[in-house]
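Undergrad: Before anything else, here's the structure in question.
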Amino acid sequence: MKMVITMTYKETIDYLYAQLPMFHRVGKIAYKANLDNITRFAEALGNPQNKFKSIHIAGTNGKGSVCHMIASILKEAGFRTGLFTSPHLMDFRERIKINGKMIPEDYVVSFVKNTKNLMDSIQPSFFEMTAAMAFNYFEKEKVEIAILETGLGGRLDATNIVSPIVSCITNISLDHTDILGDTLKNCWKKQVLLNPMFL
């Protein structure tokens, strides 16, 4: 008889935090030097990021505020609007919303359960997994447009597998200098000039 493993929402979140590295916890080791993992993950899911329109927000500070303002405007205009931001304050589900409502706990649990073997095989970063979950949720829930905030940013950010209809860049400041460079010029190049969404 086949054993069915069930996980609670808390156990699912604990699993994600324990198994997948997070940049703010382990630093540079969580950074992926290519888009291979997120590309493979998205392809296995049927490339859900291509099934809805998106607006892509990058920069050092103000990304979250810009994302929330645009999402609010589009929601009020009558669009079914997805929102993907990070980090969260209290609940992981704050990262993924549709029309202001957080992704349901059971969807998070189901997504992890259904993709656990895939994640074990691909070994995506925490951010790549979260982005894939958001893309999948937005497709399944048929959002008309999604507002997507970059993580670390730059050309290798997991959100760069989308083809946005609009891209926005907020201010660029010194941040993540071990990866993006130790001058504003280098940070600007990594965030904007080398970012496909701005070419």
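The values are calculated or read from the model by the stated rules, or taken from the named source; none is laboratory data. Note that the structure is a prediction, hence the values are computed from the model and not measured. Please note: Cβ atoms are built from the backbone with ideal geometry, for glycine as well, and neighbour counts cover all protein chains shown. Surface accessibility is based on the protein's heavy atoms, side chains included, excluding ligands, DNA and RNA. Shrake-Rupley method; radii C 1.70, N 1.55, O 1.52, S 1.80 Å.
Undergrad: Within segment 29-79, restricting attention to residues that are under 26 Å from ASN171 (Cβ atoms) and of a type in the set (Ser, Thr, Tyr), which residue is farthest from the chain's Cα centre (by Cα)?
TA: SER72
Undergrad: Among (1) more than 17 Å from the chain's Cα centre (by Cα); (2) under 17 Å from TYR107 (Cα atoms); (3) at pLDDT below 90, which single condition is LYS10 missing?
TA: Only one criterion is unmet by LYS10, namely (3).
Undergrad: While we're on this one: Filtering segment 114-137 down to residues that are surrounded by fewer than 19 Cβ atoms within 10 Å (Cβ to Cβ) and charged (D, E, K, R), which residue is farthest from GLU76 (Cα to Cα)?
TA: ASP120
Undergrad: Please pick out the residue among PHE111, PHE79 that is surrounded by 15 or more Cβ atoms within 10 Å (Cβ to Cβ) and either within 25 Å of ARG40 (Cα to Cα) or not hydrophobic (A, V, I, L, M, F, W, C) (or both).
TA: Just one listed residue meets the conditions, PHE111.
Undergrad: Scan segment 76-118 residue by residue and report those that are of a type in the set (S, T, N, Q), at pLDDT below 95 and touching an Asp or Glu at 6+ places or on another chain (Cβ under 8 Å).
TA: Result: SER86, single match.
Undergrad: Inside segment 98-108, can you point out the residues that are surrounded by 13 or more Cβ atoms within 10 Å (Cβ to Cβ) and on the phi > 0 side of the Ramachandran plot?
TA: Answer for segment 98-108, where residues must be surrounded by 13 or more Cβ atoms within 10 Å (Cβ to Cβ) and on the phi > 0 side of the Ramachandran plot: just ASN99.
Undergrad: Give segment 88-97 a look and list any residue that's in a strand (DSSP E or B) and open to solvent by 10 Å² or more (accessible area, probe 1.4 Å), or say none. Outline the logic, then answer.
TA: Filtering segment 88-97 for residues in a strand (DSSP E or B) gives 96-97.
Selection gives LYS97 alone.
Undergrad: Look at segment 41-53 and say how many of its residues are closer than 16 Å to PHE111 by Cα and charged (D, E, K, R).
TA: Of the residues in segment 41-53, 1 are closer than 16 Å to PHE111 by Cα and charged (D, E, K, R).
Undergrad: So is ILE29 open to solvent by 80 Å² or more (accessible area, probe 1.4 Å), at pLDDT below 90, in contact with a Pro (Cβ under 7 Å, 6 or more places away or on another chain) and not in a strand (DSSP E or B) or not?
TA: Details: open to solvent by 80 Å² or more (accessible area, probe 1.4 Å): yes; at pLDDT below 90: yes; in contact with a Pro (Cβ under 7 Å, 6 or more places away or on another chain): yes; not in a strand (DSSP E or B): yes.
Answer is yes for this residue.
Undergrad: Same structure again: Out of LEU118, LEU74, report the one residue that is of a type in the set (A, V, I, L, M, F, W, C) and either without any contact (Cβ under 8 Å) to a residue 12 or more places away in the chain or in contact with a strand residue (DSSP E or B) (Cβ under 7 Å, 6 or more places away or on another chain) (or both).
TA: Numbers: LEU118 fails: either without any contact (Cβ under 8 Å) to a residue 12 or more places away in the chain or in contact with a strand residue (DSSP E or B) (Cβ under 7 Å, 6 or more places away or on another chain) (or both).
The match here is LEU74.
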